[in-house]
Amino acid sequence: MKKDVLTLFLICLTISVFAQPNRWQQRIKYTMNVDMNVQTNQYTGKQIVDYWNNSPDTLFRVFFHLYWNAFQPNSMMDVRSRRQGTIVLRKGRNGDEIADWDPRVEDRIVNLAPDEIGYEKVSSIKMNGREQKTKLHETILEVILDKPILPKSKVNFEMEWMAQVPLQIRRSGRDNPGTQVRYTMTQWYPKMCEYDYEGWHPTPYIAREFYGVWGDYDVNISIDKNYLLGGSGYIANANEVGFGYEDKGASVKKPSGNKITWHFIAPNVHDFAWAADPEYKHIVRQIPNGPIINVIYNGQASRLVFENMNAQQRAAYGNDFNKYAASWDAQWNAVADAAVTVFPFIKKTFGDYPYKQYSFIHGGDGGMEYPNCTMIVGPGLGTAFHEWMHTWYQMQMGTNESEYPWMDEGFTEWATDRVEEYYRQQVSRKTLTNNPAELRKSDSLATVPPAYHQNIYRAYFTLAKSGLEEPMTTHADHYNTNYAYSIASYSKGSIFLSQLGYIVGDSVLDKILLEYYNEWRFKHPNANDFIRVAEKLSGVELQWYKEYWVYTTRTIDYAIGDIDMNGNNASIVIKRLGLMPMPVDVLVTYKDGTQELHYIPMSLMYGEKPAENSIKRFVHDEWKWVDPEYSFTISKAVTDIKSIEIDPSQRMADINRVNNKIVVP
Ligand SMILES: [Zn+2]
């Protein structure tokens, strides 16, 4: 009965409550012409930036990112990285000290030679045809306007600049020794900073997160004819550039001369990235009812990977490079095949992919997400899935990553786990087709196995006990350690969702994520926007969850207390030892093999989750959050009990699980 009332309540809510948010946002259009010199590793650029000030504010200045200026000795990125090198996190296995710096950056920037540094030098910037005054703050260009930009008005900026591609240190750059890819062109052009309801976000580049204005890109890149490019958006002159981009059966007509111009169009994105290499190979797949998948990788890099293998790894290929080279191609093909396999699940679970193509591009220094593409250092499927899922939890949301890195990395990490699990089940299905019973089991994908995200929880527990944890409200750049930033963003951010599934029910969580996608994509949602969607769909108040989990570093610890005889009944005491209050699931298993789930909602919820499985459930009165103890009665004797366990699903991030279960001897 209760359940039916709740269902009806939820249906009414979904019909009536979801008005579209009317928060204003700026809009932009970049029209760029870029001329790349692959001998000097420099390029010249011109761009027209149409900028719509949709805010109610008058703008007296604007800001542009010049990210590559970070790759110069004594830049903020360099100084910060070397400082992190002085922070010892712990001792390694062989007693060596593990420092906090990113192993890719360390002190490499200070050692860059003049032809290895990166820069973007803006020689001219005009607004509506009039030259403007500028002030350079390393990676941020401040433009002091001669006339303010009025609310609800549009201007255009005309900019000329020249840039040098840095030797790859972090994310972008040239000639990464790992991939041997010549150019990873990311964070590479003067990019307008975002202005929103909080004002300007001129965040200096110290290697962290990005935030940009939604808009359209029209990019012409003139480059050596032998280079194959991949990137954001679509190639408008595909039949001229060829390399597998051409229409089926089309004859490619390349222009004469040494250079060719690639014309990219990327609608409705908040950044544009590309990569180029003369040794790139190109795999194309069309997903039925989905986008085209491009996989672009350096065919020659297999030699280097093989040379860097240890004896055991090489023996797996019979010490035969040709065998490995064939497997290199197969691994990149597997990325394309896997994307085709998982897309229907992603679309159903997280929402549609509204663009025509997505490219997995060999480049960068790990895995980094961009609109319509990712730069990945190798063909690992885990990384490929993670970066693609950023299309849902960053590229379509455009959350301010500096303020809410956990909504970007954490949500992506959580979604990646779901996709990986689906993929594993699909792959195992192929071997299960002769066993219908097993096959049926593998269809129940909605059920996440207990302790599914175990590694993620373990990483968070270690941070929580380390003394280095900082609240998730910390600006991504301002965490004291890279370690605290990364575990808070990836692990604690991922647990934000899995634990929300514990609070409101996993099936409700799935609905929340789809509604979040429908309501907030292309609109820069913040943490509260997500919580409001969750509240509306679950009928549970959740501000307390945001306040404790996001704003503080308080931890959860529940324990089983006394169990007393009470006539033919038993009373069970549960203790709250941690400072963060939570609803509590208690599983009681009896000696006759039967089980009961005792569910105790927490008072600040003003609601409860639906039953999540077929175990007989008892819903108890709410636990007032100030009370350190709670007791409930079961209608069986103590002697009938085999075990009592708090949160058997292990979705609650209880930092001390030792006191969560007792087994009656
Ligand atoms: Zn990520």
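The values are calculated or read from the model by the stated rules, or taken from the named source; none is laboratory data. Predicted model, so just to flag it, every value in this text is computed and none were measured. Cβ: placed from backbone, ideal geometry, glycine included. Neighbour counts: every protein chain shown. Heavy atoms of the whole protein, side chains included, go into the accessibility calculation; ligands, DNA and RNA do not. Shrake-Rupley method; radii C 1.70, N 1.55, O 1.52, S 1.80 Å.
Here are some notes:
- Partner aspartates and glutamates for Lys91 [C-alpha distance under 15 Å; skip if fewer than 8 residues away on the same chain]: Asp100
- Coordinate range along principal axes, alpha carbons of segment 497-629, Å, largest first: 60, 32, 20
- Full extension of the chain between Thr134 and Thr44 gives 30.5 nm of extra length, using 0.36 nm per residue less the Cα-Cα distance.
- Along principal axes, Cα extents of segment 443-564, largest first, whole Å: 50, 38, 31
- With every protein chain in place, segment 510-665: carbon and sulfur % of accessible area (1.4 Å): 49 percent
- For the chain, the residue among Tyr460, Ile634, Leu228 whose Cα projects farthest onto the positive side of the dipole built from Cβ charges is Leu228.
- Extent along principal axes [Cα atoms of segment 574-665; Å; largest to smallest]: 36, 27, 22
- Among residues other than Leu597 with Cβ under 12 Å from its Cβ, the summed charge is -2 (Lys and Arg +1, Asp and Glu -1).
- Estimated inter-spin distance, Ile292 and Lys616, nm [label 7 Å along Cα→Cβ]: 6.1 nm
- If R0 is 35 Å, the Cβ-Cβ spacing of Asp592 and Val626 corresponds to a FRET efficiency of close to 0.40.
- For the chain, radius of gyration divided by Kirkwood radius, i.e. Rg to Rh on alpha-carbons: 1.00
- Multiplying the residue separation of Thr58 and Lys91 by 0.36 nm and subtracting their alpha-carbon distance yields 6.5 nm.
- Over segment 62-212, the Kirkwood radius and the radius of gyration, each from Cα atoms, give a ratio Rg/Rh of 1.06.
- Expected 222 nm ellipticity per residue - DSSP helices of 4 or more, -39500 (n - 2.57), all of the chain, to 500: -8000 deg cm²/dmol
- Stokes-Einstein translational diffusion, segment 285-354 - Kirkwood Rh over all Cα pairs, 1.567 mPa s, 4 °C, in µm²/s: 92 µm²/s
- Relative contact order (%) - segment 338-412, alpha-carbon pairs under 8 angstrom, separation at least six: 21 percent
- Within straight-line cross-link reach of Lys616, aspartates and glutamates at Cα separation under 20 Å, skipping those fewer than 8 residues along the same chain: Asp4, Asp506, Asp585, Asp592, Glu596, Glu608, Asp640, Glu645, Asp647
- The relative contact order of segment 218-267, computed from alpha carbon pairs under 8 Å that lie at least 6 residues apart in sequence, is 55 percent.
- Protection proxy ranking, highest mean first, for peptides 362-369, 131-138: 362-369, 131-138, where packing is the per-residue count of other beta-carbon atoms within 10 Å, averaged.
- Quick note on segment 340-392: its Rg to Rh ratio, both from C-alpha atoms and Rh being the Kirkwood radius, is 0.95.
- Solvent exposure of segment 48-207 amounts to 43 Å² per residue of accessible area, where only protein heavy atoms count and the probe is 1.4 Å.
- Label sites at Ile265 and Asn528, each approximated as a point 7 angstrom past Cα along Cα to Cβ, lie 4.0 nm apart.
- Dipole magnitude (debye, nearest 20) for segment 572-665, charges at Cβ of Lys, Arg, Asp, Glu: 200 debye
- Furthest towards positive pole of dipole, Asn111, Met76, Met127, structure part segment 58-130, Cβ charges: Met127
- Ordering Gly539, Phe157, Tyr599 by Cα displacement along the dipole of the chain toward the positive end leaves Phe157 in first place; charges were set at the Cβ atoms of Lys, Arg (+1) and Asp, Glu (-1).
- Charge dipole of the chain (Cα centre as origin; +1 on each Lys and Arg Cβ, -1 on each Asp and Glu Cβ, all else neutral): 840 debye, rounded to the nearest 20.
- Segment 68-131: C-alpha pair distances exceeding 21 Å, %: 44 percent
- Take every pair of alpha-carbon atoms less than 8 Å apart whose residues are at least six positions apart; their mean separation over the length of segment 521-665 yields a relative contact order of 28 percent.
- Pairwise label distance in nanometres, Lys661 with Thr473, each label 7 Å out on the Cα-Cβ vector: 3.7 nm
- For the pair Asp146 and Asn455, a Förster radius of 56 Å applied to the C-beta separation gives a FRET efficiency near 0.50, rounded to the nearest 0.05.
- Mean projected area in nm² (Cα convex hull; one quarter of hull surface) for segment 169-272: 8.4 nm²
- With the gyration tensor restricted to C-alpha atoms of segment 579-633, the semi-axes of the equivalent ellipsoid amount to 22, 13, 8 Å, longest first.
- 26 Å Cα-Cα reach of Lys126 towards lysines, excluding residues that sit fewer than 8 places from it in its own chain: Lys29, Lys46, Lys135, Lys147, Lys152, Lys154, Lys191
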